[in-house]
Amino acid sequence: MSKPHWRSARASDLMAISAIAARIHPDLPESPDVFAEKMRLYPDGCRVLIADDEIAGYGLAHPWKQHRIPPLNRFLERLPDDADCLYVHDVAVLPDFRGGVARAYVATTEELARASRIATLALVSVYATRPLWERLGFQPVTADAELRAKLASYGEGATYMLRDLAAT
Ligand SMILES: CC(C)(COP(=O)(O)OP(=O)(O)OC[C@H]1O[C@@H](n2cnc3c(N)ncnc32)[C@H](O)[C@@H]1OP(=O)(O)O)[C@@H](O)C(=O)NCCC(=O)NCCS
């Protein structure tokens with residue numbers, strides 16, 4: 001088996017991305033149209049993991065505002081003109097192909113942010129992934145009432161996290 005690698009996502013990858021999302025996030029469903037919008041609005045942030053010529057995972061990110069969390073399964077409509085972070089919407093990889101791939105995706109996203117003069121990465125950690133994101137330099141943000149309300153749709157234990165690229 002050759003080493004899995006990330007490449008830019010294409011419109012034709014949409015069904016594979018949706019199938020992986022449905023498998024990995026059965027309790028956080030999102031429609032293919034919602035993924036397609038992100039790929040249209042910000043193709044540079046959308047990548048797929050290729051393993052043995054098949055799509056084994058995806059990562060989706062887009063410019064956004066810090067401390068604002070896009071609701072799950074909703075259209076973004078448009079990207080902010082005054083974005084101050086790249087928001088990592090999701091990284092999901094089939095179990096057999098994990099190990100080093102989140103780190104690789106974040107490294108590419110970091111390069112993209114720097115090239116866009118954006119100094120912060122943001123995400124919502126779900127399940128028990130907080131230590132993994134901490135390992136990749138993200139820090140949990142203490143949520144105020146508004147942020148907590150928005151985090152609710154991401155399930156129990158969801159944590160908003162930021163990574164300051166200037167600090168690393
Ligand atoms: C999240 C996911 C993409 C991570 O993929 P991965 O290839 O296993 O991640 P990596 O190996 O690149 O992990 C990044 C770092 O975190 C570390 N790490 C992983 N799990 C950890 C844990 N529980 N505690 C501490 N560190 C952890 C890794 O060792 C690695 O550090 P290193 O490069 O210094 O060794 C994968 O587990 C997945 O698809 N999970 C299901 C979907 C999901 O939860 N997505 C996240 C939504 S927020």
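One table, with the values for the structure above:
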| item | result |
| --- | --- |
| Residue range of the chain that is longest and free of GluC sites (Glu not before Pro) which are both DSSP loop and sparsely packed (at most 15 other C-beta within 10 Å) | 78-155 |
| Sites excluded, trypsin sites (Lys or Arg not before Pro) in DSSP loops with at most 16 other C-beta within 10 Å, longest stretch of the chain | 11-64 |
| Added length on full extension, which subtracts the Cα-Cα distance from 0.36 nm per residue, Arg74 to Arg23 | 16.4 nm |
| Mean Cα-pair separation over length for the chain, i.e. relative contact order, pairs under 8 Å, 6 or more apart, % | 20 percent |
| Listed residues Tyr42, Tyr127, Tyr58, most fluctuating in the chain (Gaussian network, C-alpha, under 10 Å) | Tyr127 |
| Region 1-149 - charge dipole about Cα centre, Lys and Arg +1 at Cβ, Asp and Glu -1, debye rounded to 20 | 260 debye |
| The chain pair-distance distribution - Cα-Cα, 5 Å bins, rounded % | 1, 9, 18, 23, 23, 17, 7, 2, 0, 0 |
| Most fluctuating residue given options Thr142, Thr108, Thr120, as computed from a GNM of the chain linking Cα atoms under 10 Å | Thr142 |
| Per residue, in Å², the accessible surface of the chain once ligands and nucleic acids are set aside, probe 1.4 Å | 53 Å² |
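The values are calculated or read from the model by the stated rules, or taken from the named source; none is laboratory data. All of these numbers come straight from a predicted model, not from anything done at the bench. Backbone-built Cβ (ideal geometry, glycine too); neighbour counts: all protein chains shown. Accessible surface is based on the protein model in full, side chains and every heavy atom, while ligands, DNA and RNA are left aside. Shrake-Rupley method; radii C 1.70, N 1.55, O 1.52, S 1.80 Å.
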